[in-house]
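Engineer: Pasting a structure here, questions to come.
FYI, it's all coordinate maths here, none of it is from the lab. If you're wondering where the values come from, they're calculated on a predicted model, not measured in any experiment.
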Ligand code: SF4
């Protein structure tokens, strides 16, 4: 008897073929993606499904037959921006009455959002949650057949994984591989565990096969994705642990391996050891600290202390002396005092991150932190974040200046947006490097001598 996965894949393929056969001209689609790399990767699957349905990518959302918004709800402004853009398309429909508008992703999975869409956004034709993505072809067929709105949101807390989904990769040189979905951590301010569900890991054999196929097709740089990659495999008895998976992938012939995101409480000595010995794991790590005060970290339910975090940083720097660390920091968390904010500043001075994503705390309905009184005024939070940004900018400038004169390996991927005589790519530290070149450098990893540092990028000369 076919299993659940086989039945779904067959249903998917049948729906895709029927859609491809029904239209007398190829319909066009446009996907707008918000949020993290996980969403970017999901959009690649959605594009794969749409192209298998016979649709072509439109150059502009105003002329597309079908526009899909893959949304994020981690911060309030991402949600506001998505809903604003969806509403703007309603106006476009006046000139293009056949336009179909769809919304998917984390925002739809938020408690109460499906009801809000039904009530307040009647012009949205299709809405589905993160867990319903494999059913997208069936939902699309239902919409095209009925021309009536379709809304489907699963309340499962663990997502089903279906391997072998179609994919249209955005780049032939770099690729994302999602190794697990969901999160079990329930940080007090974060909506992700509620909208993405509990942790579910893919089988390592599937991940390894995907990485081998990417390497064989010429991809040079892969990023392993998960909300907390360090807990990879824990939900699958007998499965490889993350450091074992990383060590195995290091041996298959891919040139560069990155991974994100890493929860500081789960960075193991074994993982640090693998990072120190691996030949292809990049010397860059995103290690979100969120705050420098133990009291705030405790309130955030981060389950590590400042001392533990600094111990991990110390061990990482011992194993990989040139590692470039980046982080996420929240300012103005409920109850944060000036002294506690200064603990964040002192931690930033101590770790010396190459870069940091800084945010003013934004309450997410349904999370424990949203029920806490907001004690930091908007003005005070703005003043604090400006102080933090100024500090980080000076550290980034010093870090980049310290790289001048070094030789870095750069994977060139695109023409510079500011100067057409230059081409740009990332070095092993995940920093953009620009150099005078021509198109022949695209897709190649080349040695570049760093000649100058700009605010967040480097300038260099190709040595070959
Ligand atoms: S680890 Fe915390 S911040 Fe990260 S996704 Fe999970 S709950 Fe959110």
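Engineer: Please report the antiparallel percentage of DSSP beta bridges with both residues in region 57-202, rounded to the nearest 5. Walk me through the intermediate numbers first.
Structural biologist: Details: 2 of 15 bridges.
The antiparallel fraction comes to roughly 15 percent.
Engineer: Taking the DSSP beta bridges in the chain as the whole, what percent of them are antiparallel, to the nearest 5?
Structural biologist: Working: 21 of 65 bridges.
Expressed as a percentage, antiparallel bridges in the chain total about 30.
Engineer: So, in Å, what gap is there between the alpha-carbon centers of region 224-258 and region 411-439?
Structural biologist: 29 Å
Engineer: Is region 346-399 best put as rounded, prolate or oblate by its Cα gyration tensor, with a ≥ b ≥ c the root eigenvalues, rounded for a/c under 1.5, and otherwise prolate when a/b is larger than b/c, oblate when not? Write out the running numbers ahead of the final one.
Structural biologist: Working: a/c = 3.08, a/b = 2.13, b/c = 1.45.
Note, shape of region 346-399 comes out prolate.
Engineer: Restricting to Cα pairs below 8 Å that are 6+ residues apart, what does the relative contact order work out to for region 288-352? Please round to a whole percent. Mind showing how you got there, number by number?
Structural biologist: Values: 51 pairs, mean separation 33.6, N = 65.
In percent, rounded to a whole number, it is 52.
Engineer: Now, a different point. Using only Cα atoms, tell me the angle between helix 76-95 and the longest principal axis of the chain; keep it within 0 to 90° and round to the nearest 10.
Structural biologist: For 76-95 against the chain, the angle is about 30 degrees.
Engineer: Right, another one. Could you let me know the centre-to-centre spacing of region 448-463 and region 125-187, using Cα atoms, in angstrom?
Structural biologist: First find each Cα centre; the distance between them is then 40 Å.
Engineer: Just round it to a whole percent: the fraction of Cα-Cα distances in the chain exceeding 35 Å.
Structural biologist: Result: 36 percent of Cα pairs exceed 35 Å.
Engineer: Can you run the Rg to Rh ratio on region 192-246? Use alpha carbon positions and the Kirkwood inverse-distance Rh.
Structural biologist: 1.01
Engineer: Let me ask something else. Please tell me the relative contact order of region 4-152 in percent, rounded to the nearest whole number, where contacts are Cα pairs under 8 Å and at least six residues apart.
Structural biologist: On the way: 216 pairs, mean separation 35.3, N = 149.
This gives 24 percent for region 4-152.
Engineer: Can you quote the Å³ per residue value for the convex hull of the Cα atoms in region 389-464, rounded to an integer?
Structural biologist: Cα-based convex hull of region 389-464, divided per residue, equals 80 Å³.
Engineer: Next question, about the same structure. Once you have a ≥ b ≥ c as the square roots of the Cα gyration tensor eigenvalues for region 1-92, tell me rounded if a/c is under 1.5, and otherwise prolate or oblate according to whether a/b is larger than b/c. List each step's numbers first, then the result.
Structural biologist: Values: a/c = 2.75, a/b = 1.36, b/c = 2.03.
Oblate, since a/c reaches 1.5 and b/c is not below a/b.
Engineer: Follow-up question, since we're still on this one. Starting from a Cα-only point model with no solvent, please compute log10 I(q)/I(0) by Debye for region 174-401 at q = 0.14 1/Å.
Structural biologist: -0.93
Engineer: Averaging sequence separations of C-alpha pairs under 8 Å and six or more residues apart, then dividing by the length of the chain, give the relative contact order as a whole percent.
Structural biologist: Answer for the chain is 10 percent.
Engineer: Would you mind pulling out the separation of the Cα centroids of region 1-74 and region 324-340, in Å?
Structural biologist: 39 Å
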